[in-house]
Structure formats: structure tokens, C-alpha cells
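Asks: What follows is a structure written as C-alpha cells; I'll ask about it next.
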């Protein structure tokens, strides 16, 4: 064997040694690669741990503001609408745990069951309970059920109670649910789904947990943060959440200022609904200084730093 061939063989053997078997759930290392732009704290599974305080503030952000911010940063495929919502007047935010379902194939199902057993998952019940078992407080269970409702009901009220017990949150399913009345009776639980049906899940199987999935026209990664309300769902990359929230809060303050000045007839609609003049910008900054700190959605320091960065 030549030296060249020997080196190639050794490199090939090393590459095989480094390959880790693919399990049902993505490894923490893979999730860290997917979310490499995040520099903060992480969960043990590798997902970014966006703070509860930011999740709370995100509830006050309008869908159009979040959508516009993401589009401005090159993320054009993060929104999905046309949902049936269990409690339409409620807003949900949280850290995403993803799951993908596919039509059942016996040989693949058997492999998933074997790999699930190696990951110490419950192989007695259905695999649709596996994503629920790993949910933590503040998580949102997001599943690609490829739009199937009849025989594609991913949960009923029993699993719905388990989801809420673990996450204190709800679900977003590109698929169906059953026992809608029971789900509605779970205080604090909510769901964005494609519909409900009395049927049980049938000829459908879980294929992955915490891998990238598609929800309608949106791409979703584990550790994304979701904003869900009656106007749709938007999945925000973790590293953009803080700046998106702050920028959107400032837009809301600008709107308050503009509405007030229009009611006072200080400016015309044409002056407010276009690029502001230096005089209007100066008026806005003066208005912000008089705005009570207790009513600001952000800290005064955050606001000042943001305004200074826009010069």
C-alpha cells in the first residue's frame, strides 16, 4: 500500500469512528450546531434557553412587527397562519421542542422503537408520548403532522394534561387533535391545530424529536421561540429574540406618539405616515424622555442604548 493510500485509509477509519449513530432525538452537539449563533445559556439537550422575561415581553409584540423584523434580517419563511385555535383570545410564547410524524412504515417503525428503547423511552405506549416526556417549563410542543386530521390526532385530553403539567404551555400541530372539549377544559392550555376529529392516531409514526421541521410554509428549528396568537404563528431564531422584542417595543412607542400627535392635530397624517423630519424625530425623543419609566416595556437604559444606536 502506498503512503497516499495508507493516509486515505486511516482518515476514512477515523471518520467512521467519529460518527455517532442517529437516534430518535437530535444530540445536544447537533442542536448546538443548528443554533450556533446563540451565545447564551442552554438546556442539557442543547437548546438555547431564552429567558422567561423575554418570553413574557414577546407576548406584547404584534405579529406584523415580528414578521417585519425577521424579513429585514433575511428570514422570510418563519410565519404560518390559517389555524384552528382552542382559545383564540389567548397569546402563547415559548421555546420550541420539535417533532416530526410520517405515514407509518413497518420496518422504519421497528427501527424507531429499537432506537427509542436505547434512549430509555417508554416503548409500551405510543411514541407520540415521547416528545411530551421531555418538555420543560416554558416549552411549546411543535409537531409536523403533514396536515393530517382524520386518524392523525396527535393528542387527546390525557396527553394534553401531561403537556400542560410539564410545560405550563400548549401545542402547535400541523395535524389534528381529539377530545377537543377535554382539551378546552385544561386551564392554561392552548393549541394551534389543523382541526379535531374523534379518531385515534392510526397509520402514523413519530420519526424524530428536536430536528428541523416544516410547519406549513415555515421552517422551525429546536430552540426557536414562537409567538402564537389569533393572527398566526411566527418562529423566531433564538439569537434574534432579544433585539426583535426591543425593536418592536420601540415601534409600538412610535405608534403611540404618532397617534397622540394626530389626535392633538400637531402633525398631519401625511407627516406621520412617512419618513419623519428631523423636527418630528426631536419631538419624539422629547416625548420619550417624559414617558413614565414604570410604563415602559423595557428598561430606560435599554431604550436609551437603542435610540443612541439609531443615530
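Asks: Taking the Cα atoms only, what angle lies between the long axis of helix 63-72 and the longest principal axis of the chain, rounded to 10 degrees?
Replies: Helix 63-72 sits at roughly 80 degrees to that axis.
Asks: Something else now. Expressed as a whole number of Å, what is the distance separating the alpha-carbon centroids of the stretch 68-88 and the stretch 242-311?
Replies: Measuring centre to centre over Cα atoms gives 25 Å.
Asks: Based on a Kirkwood Rh over C-alpha pairs, give the Stokes-Einstein translational diffusion coefficient of the stretch 242-309 at 4 °C and viscosity 1.567 mPa s in µm²/s. Before the final figure, lay out each step's value.
Replies: Details: Rh = 12.6 Å.
For these conditions, the coefficient is 102 µm²/s.
Asks: Taking the chain as a Gaussian network, where each spring joins two C-alpha atoms under 10 Å apart, which residue of 282, 228, 117 fluctuates the most?
Replies: Between 282, 228, 117, it is 282 that shows the largest mean-square fluctuation.
Asks: At 0.890 mPa s and 25 °C, plugging the Kirkwood radius over alpha-carbon pairs of the chain into Stokes-Einstein gives what diffusion coefficient in µm²/s?
Replies: Working: Rh = 21.8 Å.
The diffusion coefficient I find is 112 µm²/s.
Asks: Take 167, 199 and order them by how many other Cβ atoms sit within 10 Å, fewest up front. Mind dumping the intermediate values first?
Replies: Values: 167 23, 199 13.
The fewest-first ordering by Cβ neighbours comes to 199, 167.
Asks: Could you put 31, 186 in order, starting from the residue whose Cβ has the fewest other Cβ atoms within 10 Å?
Replies: Values: 31 23, 186 17.
Placing the least packed residue first, the sequence is 186, 31.
Asks: In deg cm²/dmol, rounded to 500, what helix-only [θ] at 222 nm does the chain give when every DSSP H run of at least 4 residues adds -39500 (n - 2.57) and the total is split over its residues? If you can, show how the numbers build up before the last one.
Replies: Values: 12 runs with 122 residues, N = 311.
When only DSSP H runs of four or more count, the value is -11500 deg cm²/dmol.
Asks: May I pose another question? Can you sort 274, 35 so the residue with the fewest Cβ neighbours within 10 Å comes first? Don't skip to the answer; put the middle values down first.
Replies: Details: 274 10, 35 20.
Starting with the residue having the fewest Cβ neighbours, the order is 274, 35.
Asks: Let me ask something else. What is the helix-to-structure angle for 300-309, meaning the angle in degrees between its Cα long axis and the longest Cα principal axis of the chain, kept from 0 to 90 and rounded to the nearest 10?
Replies: With rounding to tens, the tilt is 90 degrees.
Asks: Based on the mean of other Cβ atoms within 10 Å per residue, sort peptides 255-266, 229-240 so the most packed one is first.
Replies: Averaged packing, sorted descending, gives the order 229-240, 255-266.
Asks: Can you give the extra length, in nm with one decimal, that the chain gains between residue 264 and residue 137 once fully stretched, where that is 0.36 nm per residue apart less the Cα-Cα distance? Please report the intermediate quantities before stating the final value.
Replies: Details: separation 127, 0.36 × 127 = 45.72 nm, distance 4.55 nm.
Once the chain is fully extended between residue 264 and residue 137, it gains 41.2 nm.
Asks: Just to be sure I understand: with springs between alpha-carbon atoms less than 10 Å apart, which residue in 152, 216, 175 has the highest mean-square fluctuation in the Gaussian network model of the chain?
Replies: Evaluated over the chain, the most mobile residue of the options is 216.
Asks: So what are the radius of gyration and Dmax for the Cα set of the stretch 52-237, in Å?
Replies: 15.7, 47
Every number in this text was worked out from the coordinates using simple rules, so none of it is lab data. As the structure is a computational prediction, the values presented were derived from the model and not from experiment. Note that each Cβ is placed from the backbone with ideal geometry, even for glycine, and that neighbours are counted across all protein chains shown.
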